[in-house]
1. Using a cut-off of 11 Å between beta-carbons, work out the net charge of the residues near Val36 (Lys and Arg +1, Asp and Glu -1, Val36 not included).
2. Report, in order of residue number, the helices in the chain meeting two criteria: a C-alpha extent of 18 Å or more along the helix axis, and a mean Kyte-Doolittle hydropathy of at least 0.5; treat each whole DSSP H run as one helix.
3. Taking every pair of alpha-carbon atoms in the chain, give the share separated by more than 18 Å as a whole percent.
4. Longest segment of the chain with no GluC sites (Glu not before Pro) in a DSSP loop having at most 16 other Cβ atoms within 10 Å?
5. Once you have the Cα-Cα distance between Asp76 and Ala10, take 0.36 nm times their residue separation minus that, and quote the gain in nm to one decimal.
6. As a test of the formula, what do you get for the chain when each DSSP H run with n ≥ 4 contributes -39,500 (n - 2.57) and the sum is divided by the residue count, at 222 nm and rounded to the nearest 500 deg cm²/dmol?
7. Along the Cα→Cβ direction, 7 angstrom out, place labels at Gln65 and Ser90. What is the inter-label distance in nm?
Amino acid sequence: MTEQISTLYAKLLGETAKISWAELQPFFARGQLLWVGTAQDLVEVAQAVAEDDGARVGAWLQAGQVAKVDETLAQDYLQRDPELWAVVVSPWVLIQERAVGTSVH
């Protein structure tokens, strides 16, 4: 990683926080939520989005490792209210479900 990329990663990591589904619903309504699969590093994905790295983001989208939050997932989150982590890369809010006790990255 270059120093600039490392700095961006650290900045995004510092802006990542736990959040409830209730707090995310307005972003879902505006179509601004991106789901990140648990196998991915949330901050690494956010960094790729921030850097407009279409190749990496496209590959994750194609593989189903990143996706816009759809109605089915939104209903699941509403019913279960899982622990979610989020980071903002405007206009997107990237979210990832975490098992209790796991770290952010």
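1. Numbers: positive: Arg98; negative: Asp41, Glu44, Glu97.
Taking every Cβ under 11 Å from that of Val36, the sum is -2.
2. Numbers: long enough: none.
Within the chain not a single helix satisfies the rule.
3. Considering the chain, 44 percent of its Cα-Cα pairs are separated by more than 18 Å.
4. Values: sites that count: Glu15, Glu51, Glu83.
In short, 16-50.
5. Details: separation 66, 0.36 × 66 = 23.76 nm, distance 3.10 nm.
Working it through step by step, the gained length comes to 20.7 nm.
6. Numbers: 5 runs with 50 residues, N = 105.
Helix contribution divided over all residues of the chain: -14000 deg cm²/dmol.
7. It is 2.9 nm.
Coordinate-derived values only; no laboratory data. Computed from a prediction, not measured in an experiment: that's the story for all the values here. Don't worry about glycine lacking a Cβ; one is built from the backbone with ideal geometry, like all the others, and counts go over all protein chains shown.
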